[in-house]
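For reference, the structure is listed below as structure tokens.
The values are calculated or read from the model by the stated rules, or taken from the named source; none is laboratory data. Because the structure is a prediction, the values reported are computed rather than measured. A quick note on method: Cβ atoms are made from the backbone with ideal geometry, for glycine too, and the neighbour counts reach across all protein chains shown. Surface areas here come from the heavy atoms of the whole protein model, side chains and all, with no ligands, DNA or RNA. Shrake-Rupley method; radii C 1.70, N 1.55, O 1.52, S 1.80 Å.
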Amino acid sequence: MLSPERIYFARMAEIVKSTQYWRLPQMKYWRETIAVTQRILIELLRRRRSLIFWSIFPISVLILGAFILAERAKLPINTAFEYTAPSTLVGAALFFSCLGGSVATVVAEREQQTLKRLFLSPLSGISYFLGIFLAHSCIGLGQTFLVYTVAAFWGATFKGSIFLGFIIILMSIAAYVGLGFILGTQLARRIEDVNALVAAFGVPLLILGGAFLPSSLFPKSLINIAKYDPIYHMNEAFVGVSTKGKQIGDIAPHFWFLVVFTLVMIIGGWLSYRRMLLVERRL
């Protein structure tokens, strides 16, 4: 049975030999990006365990958080799920799947020498970068559907603009993947480093960002610190749209902070990726 890497490179060879590939050069990046995305998703489907864990984790956090909030704040169960769902999604689910997943993907590709073989293929660096982003976007959107399906089972509804909520989710995914490239290329050297790295950087930021405890319970001093935490702005923006039906003008400080942070992470992730390629070429 062929390994995923051999299937991947065989697929890339088929693309290059295809006459349509050369007749439609504008489709080059699109075809390569889809090939990378398919490879990552197929590998995840083969292992299954990661997808199962990424499904169990947000559901368990959502249910536990909602029932605790309903009991302590004396809220109806549907209202508790409406408040808990957005925080669970952007603050917990997407963090571990898109940030932790992209770090693990980059480190694993480097350990398995896949990057060196990519230098011998026609695959461009842009397509590889976009392919990882698209693969984790699919995972993130799947988690979004899962979280809000479970929340809807208990009567929760999405009160704001679905389009604005979708934009916030996409920016959160892009920011996490960009940060994942930075951490995966600069700090993680082995696959064993991934959990320690994500835990060291992530868990304090998640708590401070309101992923597990509502930020309304924070003291003033902690709120002032949380304003520098991007997860706090993701959480506040998405909670405002999903739970309170706010428009972009109502969440402007959080939204524009997230826009700037996302652009910085994408640029930083791309530069880190390019630097890693230069290092790998010399080794």
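Which percent of the accessible area of the stretch 25-281 is formed by carbon and sulfur heavy atoms (probe 1.4 angstrom)? Show your work: numbers first, answer last.
Working: 8480 of 12100 Å².
Whole-percent figure for carbon plus sulfur exposure: 70.
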Seminar exercise, completed: Using the Kirkwood radius over Cα pairs of the stretch 166-253, the Stokes-Einstein translational diffusion coefficient at 10 °C and 1.306 mPa s, in µm²/s and rounded to a whole number, is 111 µm²/s
For this session: Please work out the FRET efficiency for the pair residue 78 and residue 271, using the Cβ-Cβ distance as r and a Förster radius of 45 Å; give the result to the nearest 0.05.
Result: 0.50
Exercise. Lys pairs in the stretch 25-281, Cα-Cα under 20 Å, at least 8 apart or on separate chains: how many?
Worked result: 4
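Report the rotationally averaged projected area of the stretch 134-188 based on its alpha-carbon convex hull, in square nanometres. Display every interim value, and only then the final one.
On the way: hull surface 18.1 nm².
In nm², the orientation-averaged hull projection of the stretch 134-188 is 4.5.
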For this session: Please give the solvent-accessible surface of residue 261 in Å², to the nearest 10, using a probe radius of 1.4 Å with every protein chain present.
Result: 40 Å²
Exercise. Can you list residues whose amide H is under 5 Å from residue 227's amide H, if they're 5+ apart or on another chain and H is modeled 1.01 Å from N?
Worked result: none
Seminar exercise, completed: Expected vector for the stretch 173-187, Karplus 3J(HN,Hα) from phi with 6.51, -1.76, 1.60 and θ = phi - 60°, integer Hz, x for Gly and Pro, equals 4, 4, 5, 5, 5, x, 5, x, 5, 5, 5, x, 8, 9, 10
For this session: At 37 °C and 0.692 mPa s, grab the translational diffusion coefficient of the stretch 25-281 from Stokes-Einstein with a Kirkwood Rh over Cα pairs, rounded to a whole number in µm² per second.
Result: 174 µm²/s
Problem set entry | Built amide H within the under 5 Å cut-off of residue 245, gap 5+ | 159, 160
